[in-house]
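Read the structure below first, then the notes.
What follows draws every value from the coordinates through simple rules; no lab data is involved. Remember, it's a predicted structure, so these values are computed and weren't measured experimentally. Cβ placement follows ideal geometry from the backbone for every residue including glycine, while neighbour counts extend to all protein chains displayed.
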Amino acid sequence: MTESLWQNLWTGYVFPGGLILVHILMLLVPLLVAVAYLTLMERKVLAAMSLRMGPNVVGPFGLLQPLADAGKLIFKETIIPSGANKFLFLAAPCITFILAMIAWAVIPVADGWVISNLNVGVLYLFAISSLGVYGIIIAGWSSNSRYAFLGALRSSAQMVSYEVSMGLVIITVLLCVGSLNLSAIVNAQKTVWFAIPLFPMFIVFFISALAETNRHPFDLPEAEAELVAGYQVEYSSMAFALFFLGEYANMILMSGMTTILFLGGWLPPMDIAPFNWIPGVVWFCLKIFVLLFVFIWVRATVPRYRYDQLMRLGWKVFLPFSLLWVVLTAGVLLAFDLLPKGV
Amino acid sequence: MIIQALAFYLFAAITVASGFMVIASRNPVHSVLFLILAFFNAAGLFVLMGAEFLGMLLVIVYVGAVAVLFLFVVMMLDINFVELRQGFLQYLPVGGMIGIVLLIELAMVLGGWVVAPEARSVAADPIPALDKVTNTHALGAVLYTKYIYLFQGAGLILLVAMIGAIVLTLRSRPGVKRQSISEQVNRPREDAVAIRKVEPRKGI
């Protein structure tokens, strides 16, 4: 009796729980290493684009620079402003970091390599990315500082605005797939990547992703020239590092989302000999890498938008345009009888 | 099953506790944050019931959009807490009366509750297994066929509300400088640039 109970506990809870834990570690450890080296890549690429050397002192070619940065941030003192709400002040960076990590639970990095194959995977991703605004707005409010609060207000208005057009872009993709499951979305692109038939939506999604992650040219929340660093201004040491890690993990996440929705996820560009020898996870990482390079490239070349221009672009250009494309795509699919059936 | 029961009690307890804290906490910003926590746990309860679509929608719509606007408004409010508490006893009789009236109404509604005879037969229908029909398909199948007029009606009401809010807040002030991007882009070169040959030591 007791033996079978222990066996149940092992097969029912301990073993699957441990397996999931191992899966999570296998995803998160490479992710955090990627985040660390994304900061180095950003500095190197920016330096190359403005004819500088970039970090080159710590380790060969500056390869140990992220570790040095992490060590520096860990050993600094966490300063909490006297007027701040202590609990919320420390909760805000944790929220940002946790949200950036848990979104990866549904991302399929290769065929079947996913922690949780949710039926509503796209909605889960959308929900988590819409929660990202809380980390910023709570940080801005609890710092009890004007710069931080202004940055938080700007950021939340921006993120809420661009989410609307992102939602419509996702709807156009879902119309072509007929499922909310991320693996099904990738498998639907076996004949052609959605970036080709839905090219304008791909561009709109990528620009919205830039705005959603508060990256250049939409980095008004932390515009260092006017707001000194926006919502992060009162943060130091690990609290700041958590914001930083969350932001870069979000960049990788948004690139991953773009890859899954438009660039065929883990699928090779053509299903012929030299391409399909390479495992899917390599293709997935390669596509993310290219998109991240574009993120940095945009930062090096495009000047910052003014705030009213940003709002105009979101509400008056992207929203009507993507709405039009939803109707157009639905119309074309219906007229030529291409709607996905029986999923 | 034990884990699911534990998760249910966890989510339910946090939902009720944070619902209580929404009205009990003194700082309105904390109230809104507790409201968000309550929404979140309600979404967790939906997922436990197997209604993952509704759970995700709850998070996207209420937590991701509605509560952000709440938080915006509440953070901007300049409330004097001392003044607020002074008026408490003054408003207590009126507020208490309203509360009692609502309580009696609720009791009457619940007392006269009769389960419709059709509902019992609907509930007795076998529910298809979760791996055969997903939530999203099941909802779409009834929402866009049987309830299409109600669905469109709800959409129209929301549209009217949205237009109403815009009309109420839109002010057209004269003399405001606005950027007209099409005008900027369509400006001919002659208006913007003039090329002159400047003689040395003469100037223009």
Using every alpha carbon pair in region A:13-171, what percent of pairs falls into each 10 Å bin from 0 up to the bin containing the largest distance? 9, 24, 32, 29, 6, 0
So what is the calculated 222 nm ellipticity per residue for chain A, using -39500 (n - 2.57) for each DSSP H run with n of 4 or more, over all residues, to the nearest 500 deg cm²/dmol? -21500 deg cm²/dmol
Along Cα→Cβ, 7 Å out, is where each label goes; now give me the distance between the ones at A:V29 and B:R201 in nm to one decimal. 8.0
Cα-Cα pairs of chain B separated by more than 29 Å (percent): 60
Binning at 10 Å from 0, report for region A:76-131 what percent of all alpha-carbon pair distances ends up in each bin. 20, 36, 21, 16, 6, 0
Taking R0 as 22 Å and r as the Cβ-Cβ distance between A:L64 and A:I20, the FRET efficiency 1/(1 + (r/R0)^6), rounded to the nearest 0.05, comes to 0.10
Note: chain A, point scatterers on Cα, Debye, no solvent; log10 I/I(0) at q = 0.09, 0.12 Å⁻¹ equals -0.54, -0.94
Mind computing the radius of gyration and Dmax over the alpha-carbon atoms of region A:209-343? Å is fine for both. 19.3, 58
Quick calc: nm separation of the 7 Å Cα→Cβ label points for A:L51 and B:L48 -> 6.4
Which of A:S156, A:S237, A:S50 moves most in a GNM of chain A, Cα contacts under 10 Å? A:S50
Rounded to the nearest Å, the spacing of the alpha-carbon centers of region B:1-36 and region A:135-209 is 29
Assuming R0 = 51 Å, what is the FRET efficiency of A:V294 and A:Q7, from their Cβ-Cβ distance, to the nearest 0.05? 0.45
Where in chain A are the DSSP H helices whose alpha-carbon span along the long axis reaches 18 Å or more and whose Kyte-Doolittle mean is at least -1.0? A:15-49, A:86-102, A:121-142, A:146-177, A:199-212, A:237-262, A:280-301, A:319-335
Under the definition of Cα pairs under 8 Å and six or more residues apart, what whole-number percent is the relative contact order of chain A? 23
Centroid-to-centroid separation of region B:149-204 and region A:89-131 [C-alpha atoms, Å]: 38
Lysine pairs in chain A with alpha-carbon atoms under 30 Å apart, 8 or more places apart or on different chains: how many are there? 8
How crowded by other chains is A:127-134, given as the mean number of beta carbons from other chains within 10 Å of each beta carbon? 6
Using Cα atoms only, what is the angle between the long axis of helix B:2-24 and the major principal axis of chain B, expressed in degrees (0 to 90) to the nearest 10? 60
How far is helix B:88-111 tilted off the main Cα axis of chain B, in degrees rounded to 10, range 0 to 90? 60
Point-charge dipole on Cβ atoms (K/R +1, D/E -1) for chain A, about Cα centre, debye to 20: 540
Report the label-to-label distance for A:R146 and B:Q179 in nanometres (one decimal), using points 7 Å from each Cα along the Cα→Cβ vector. 2.5
Using +1 at the Cβ of each Lys and Arg and -1 at the Cβ of each Asp and Glu in the protein assembly as shown, identify which of A:A239, B:V198, A:M166 lies farthest towards the dipole's positive end. B:V198
Quick one: dipole size for region A:1-106, taken about the Cα centre, charges +1 on Lys/Arg Cβ and -1 on Asp/Glu Cβ, in debye to the nearest 20. 440
Multiplying the sequence separation of A:F199 and A:L286 by 0.36 nm and subtracting their Cα-Cα distance, what value in nm do you get? 29.3 nm
Log entry: pair-distance distribution for region B:1-113, C-alpha pairs binned every 5 Å from zero, whole % per bin is 2, 11, 13, 15, 16, 17, 14, 7, 4, 1, 0
Magnitude of the Cβ-charge dipole of region A:206-343, K/R +1 and D/E -1, about the Cα centre, nearest 20 debye? 340
